[in-house]
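Encoded as structure tokens, the structure appears first; notes follow it.
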Amino acid sequence: MNCRLLACLLLLPFSASAEITWKKHVIQKPILSMINSAVAHDWNGDGHIDVLSSLQGEVILYQGPDWKRQSIHTFGDGETRNKMRPACIHSCLMDVDGDGDPDFIGSNNTVFWLECPDDPFSGEPWKFRLVDDVILGTHCLITGDVNRDGQLDLIANSGRTETATTIPNSITWLEVPEDPHNATEWTRHVFADGDAPGGSHYTGFGDVSGDGRPDISCAAKGGEKIPGGEWFAWWEQPEDPTAVWKKHLLAANQPGASNIMPADLDGDGAMDYFATRGHGNGVLWFKGPDFELIEIDPDLAYPHSLDLADLDKDGDMDAVACGKEADGVAAWYENDGKGTFTKHIIGTDQGSYDTRFIDMDSDGDLDVLIAGHASNNIVWFENTTE
């Protein structure tokens, strides 16, 4: 074979540019500090998705489709016993007060919520209220009906040690109080009591044991400065959800472990886990019911963000992940329904701490929203797979 032709053929598997067909849209141009999380909803019902994020000491509401920005909250002293940072490490949406619109929940050395007013775009600040300022190191906020009472609860980790908090190395679920507007804190249940050491990161929610009760998973980075981490695990909910839950270790010695979410990935009726090592390398899954670890993409660097959804509408769960550094790669993993995944590049030179599937342009398919972290931006990638 001609040496020049051989060289070209050897380069082909490593060239992703020809595969990239997703269109990148910029919501927030790069700034001088990190942006770690972004959430989206059509707050004014005009048919255009809006975006909420925190950056440079404020929570910013971007009105779609032109992304006109307005500040809905400025972080300041006296709101909590803890010193606020310029931006939340994570956030989610939840209709806390049951008035029909989603409120903003953030983690910024304190878990808090901002009450969405009747007119979200009035220019008036959204009311700041505490959720919990005792738990610390809350790296992830997700919602789910933990105790199956028909009301969403909040799941939040407390990832600091006993030198910083009275609830160290733990994971909690929090019930919305009866009067959330006047409550000083939510009802806290510590289900993983001291057995989530290391740098606990993102959690997943779903019934894995098959008993009808939702379980909760988590992953933790480690290292010399963060002892006890580098694991993937899940906690099995007992009959009494307010009691301590049973921990099941899936894998130890997993450098940079960060994300783990449950789904039946191979269609066999048993729940599996999709996972990433966001402070290391690699995308993987655990095949249930024995949770055999299977590497999918061992080379993706720092895949700090993860989401699952049926992107291609073929009836099975696909995944999206993105590297956290400014030269990161965003990719989605196409599931053939049997747990074999094909990697497709969405974009390059894009960092992320937070990546979510959402129909950003209301055209009926899922796009990808990214909070840029080291890229210091907010972008969305338009789905062009159809």
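The values are calculated or read from the model by the stated rules, or taken from the named source; none is laboratory data. Please read all numbers here as calculations on a predicted model, not as lab measurements. Here the Cβ positions follow ideal geometry from the backbone for every residue, glycine too, while neighbour counts run over all protein chains shown. The accessibility values were calculated without ligands, DNA or RNA, using every heavy atom of the protein model including side chains. Shrake-Rupley method; radii C 1.70, N 1.55, O 1.52, S 1.80 Å.
Normalised by the residues of region 124-282, what does the relative contact order come to in percent, with Cα pairs under 8 Å and at least six apart?
16
Computed from these coordinates, which is Rg and Dmax of the Cα atoms in Å: (i) 25.9, 109; (ii) 20.5, 76; (iii) 24.7, 83?
After the calculation, the listed value that fits is (ii).
Rolling a 1.4 Å sphere over the protein heavy atoms, what is the accessible area per residue of the chain, to the nearest Å²?
Heavy-atom accessible area per residue stands at 42 Å².
Where does each of TRP67, TRP235 land when they are ordered by accessible area, with a 1.4 Å probe and the largest first?
TRP67, TRP235
So how much accessible area does ARG69 have, in Å² to the nearest 10, using a 1.4 Å probe?
Accessible area, nearest 10 Å²: 100 Å².
Tally Lys/Arg at +1 and Asp/Glu at -1 over every other residue whose Cβ is under 9 Å from the Cβ of ASP207; what's the total?
-1
May I ask you to derive the relative contact order of the chain, considering only C-alpha pairs under 8 Å and at least 6 residues apart, and to give it as an integer percent?
Dividing the mean separation by the residue count of the chain yields 13 percent.
Determine how large the accessible area of HIS344 is when every protein chain is in place; take a 1.4 Å probe and give Å² rounded to the nearest 10.
Here the accessible area works out near 40 Å².
When all protein chains stay in place, what accessible area (Å², nearest 10, 1.4 Å probe) is found for ASP268?
The accessible area comes out at roughly 80 Å².
Can you compute the FRET efficiency between ASP290 and ASP327 using 1/(1 + (r/R0)^6), with r the Cβ-Cβ distance and R0 = 25 Å? Round to the nearest 0.05.
So, using R0 = 25 Å, E works out to roughly 0.10.
Just how far, in whole angstrom, is region 258-272 from region 129-159 if you go by their alpha carbon centroids?
Spelled out, the Cα-based centre of one part sits 22 Å from the other.
Label GLU162 and GLU124 with points 7 Å out from Cα along Cα→Cβ: what is the distance between them in nm?
4.8
Figure the gain on full extension for ARG148 and ALA252 (residue separation times 0.36 nm, minus the Cα-Cα span) and round it to one decimal in nm.
34.3 nm
Can you give the extra length, in nm with one decimal, that the chain gains between ASP97 and ASP310 once fully stretched, where that is 0.36 nm per residue apart less the Cα-Cα distance?
73.6 nm
Provide the net charge surrounding THR143, with neighbours chosen by a C-beta distance below 10 Å and charges set as Lys +1, Arg +1, Asp -1, Glu -1.
-3
Search the structure for amide H atoms under 5 Å from the amide H of HIS139, placed 1.01 Å from N in the peptide plane, and list their residues when 5 or more places away or on another chain.
ASN157, GLY159
Residues in region 107-141, backbone N under 14 Å from the label point at THR74 (7 Å along the Cα-to-beta-carbon vector): list them, ranges by number please.
124-126
Loop only by DSSP, 11 or fewer other Cβ within 10 Å of the Cβ. Give me the trypsin sites (Lys or Arg not before Pro) in region 213-256 that pass, ordered by residue number.
Listed in order of number, the matching sites are LYS225.
Can you compute 3J(HN,Hα) from phi for each residue in region 281-288, using the Karplus curve 6.51 cos²θ - 1.76 cosθ + 1.60 with θ = phi - 60°, rounded to whole Hz and x for Gly and Pro?
Per residue, the Karplus-derived 3J(HN,Hα) values read 10, x, 10, 8, 9, 10, 7, x Hz.
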